[in-house]
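Asks: I'd like to ask you about the structure that follows.
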Amino acid sequence: MTTKERYQISMRVAHRSLGVNLLLAALKTVVGYVVGSLALFADGLHSLSDVGSTLAVIMGLVVGQKPPDPTHPYGHGKAESIAETVIALFLFLTSAGLIWGAVSALVAQVIRLPGPWAIVVAGISILTKEILFRYTRREGERVQSPLLIADAWHHRSDALSSVAALFGIIGANLGWWFFDPAAAVIVSLLILKVAYSILKPTLNVLMDGQPQSLPDKAIHVNQIARDIPGIQHVDEIRVRQYGPNLIVDLEISIPSDFSIRLAHQLADQLREKIKVTYPHVKEVFMHVNPHPEHDHTSEPKATDSNQQ
């Protein structure tokens, strides 16, 4: 899949999410306010935060697809990780505000009895957001976009919060008035958990932390290198994520009596094999070290990487 195709699919998903979130946010906040359901109103604010986070997704995609320039020689891929951070911050702030309002209602014993419309709207929200979650996650995995996957889990948190709101509304209508604000607290805690689950791996990317899959990749890269005659050892491998792509830094050892020309051929051959094996590796930076314990009196013929 080309970068352009990935961008077009991601933008299509983001715009659809934006439209659905706008409709749900308006529906839940208005109905929640009119019928007096604190849980449904809180759920509507959660959907409103989805609108903000989807706008952050769109901005991240637009900036992230820009090519490298003199001031950003590695490209703009980390714009997507910054957008993920914005999503998490939206969720943290939303959660804090909802907890404050719900706890205040519990302490003040504000009694509200939401009507049947609140139940209907909560049910519509659960079904819609679960469908949106599955659609966004599927497309995010297809285009290998952590940003879309993060937004998908934001949709799932909204679906779960609607479930909690539904139970709160039903409980309040059965006579347990405290169920509605208590459900709002549960909604807020669910939002908080999702925010943390998004922020933790995103900060790891922004700080150039190693991907969780690095051990498996390191083993495979070593195997790829061993299959190339002349490369004696992979001395070090470092991998960092850059948006949806990976950047690999390698140090390899070759016999110290090999020429610079052959060293470059071997490095290019390994670089090409890694990129073919891992399509999401954007660049491989190579440093060649001499390996005196494996000197050769004659240079082996390097395989042309274009023939791989």
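Asks: Output the number of the condition that residue 15 fails; it satisfies all remaining conditions of (1) modelled with pLDDT of 85 or more; (2) surrounded by fewer than 24 Cβ atoms within 10 Å (Cβ to Cβ); (3) in contact with a Phe, Trp or Tyr (Cβ under 9 Å, 6 or more places away or on another chain); (4) not β-branched (Val, Ile, Thr).
Replies: Residue 15 satisfies every listed condition except (3).
Asks: Checking the condition within 24 Å of residue 178 (Cα to Cα), surrounded by 19 or more Cβ atoms within 10 Å (Cβ to Cβ) and modelled with pLDDT under 75, which residue from 76, 46 passes?
Replies: Step by step, each of 76, 46 is checked, and only 46 is within 24 Å of residue 178 (Cα to Cα), surrounded by 19 or more Cβ atoms within 10 Å (Cβ to Cβ) and modelled with pLDDT under 75.
Asks: Now, a different point. Only one of these is assigned to a helix (DSSP H, G or I), free of Cβ contacts under 8 Å to residues at least 60 places away in the same chain, closer than 18 Å to residue 153 by Cβ and not hydrophobic (A, V, I, L, M, F, W, C): 44, 52, 60. Name it.
Replies: Values: 44 fails: closer than 18 Å to residue 153 by Cβ; 60 fails: free of Cβ contacts under 8 Å to residues at least 60 places away in the same chain.
Just one listed residue meets the conditions, 52.
Asks: Of everything in region 258-304 that's charged (D, E, K, R) and under 39 Å from the mean Cα position of the chain (by Cα), which residue is modelled with the lowest pLDDT? It would help to see each step written out before you state the result.
Replies: Within region 258-304, the first condition is being charged (D, E, K, R), and the residues that meet it are 261, 268, 271-273, 275, 282-283, 293, 295, 299, 301, 304.
Add one more test, that the residue is under 39 Å from the mean Cα position of the chain (by Cα), and what stays is 268, 271-273, 275, 282-283, 304.
Working: 268: 89, 271: 88, 272: 88, 273: 88, 275: 84, 282: 78, 283: 82, 304: 40.
Checking each candidate, the answer is 304.
Asks: Within the bounds of region 115-138, is there any residue that is in a loop (DSSP other than H, G, I, E, B), over 14 Å from residue 39 (Cβ atoms) and of a type outside the set (A, V, I, L, M)?
Replies: No, because not a single residue in region 115-138 is in a loop (DSSP other than H, G, I, E, B), over 14 Å from residue 39 (Cβ atoms) and of a type outside the set (A, V, I, L, M).
Asks: For the list (1) modelled with pLDDT under 75; (2) surrounded by fewer than 18 Cβ atoms within 10 Å (Cβ to Cβ); (3) closer than 30 Å to residue 269 by Cα, I need the number of the one condition that residue 175 fails.
Replies: (3)
Asks: Still on this model: For residue 255, indicate whether it is at pLDDT 80 or above and of a type outside the set (S, T, N, Q).
Replies: Yes, satisfied.
The values are calculated or read from the model by the stated rules, or taken from the named source; none is laboratory data. All values derive from a computational prediction rather than experimental measurement. Backbone-built Cβ (ideal geometry, glycine too); neighbour counts: all protein chains shown.
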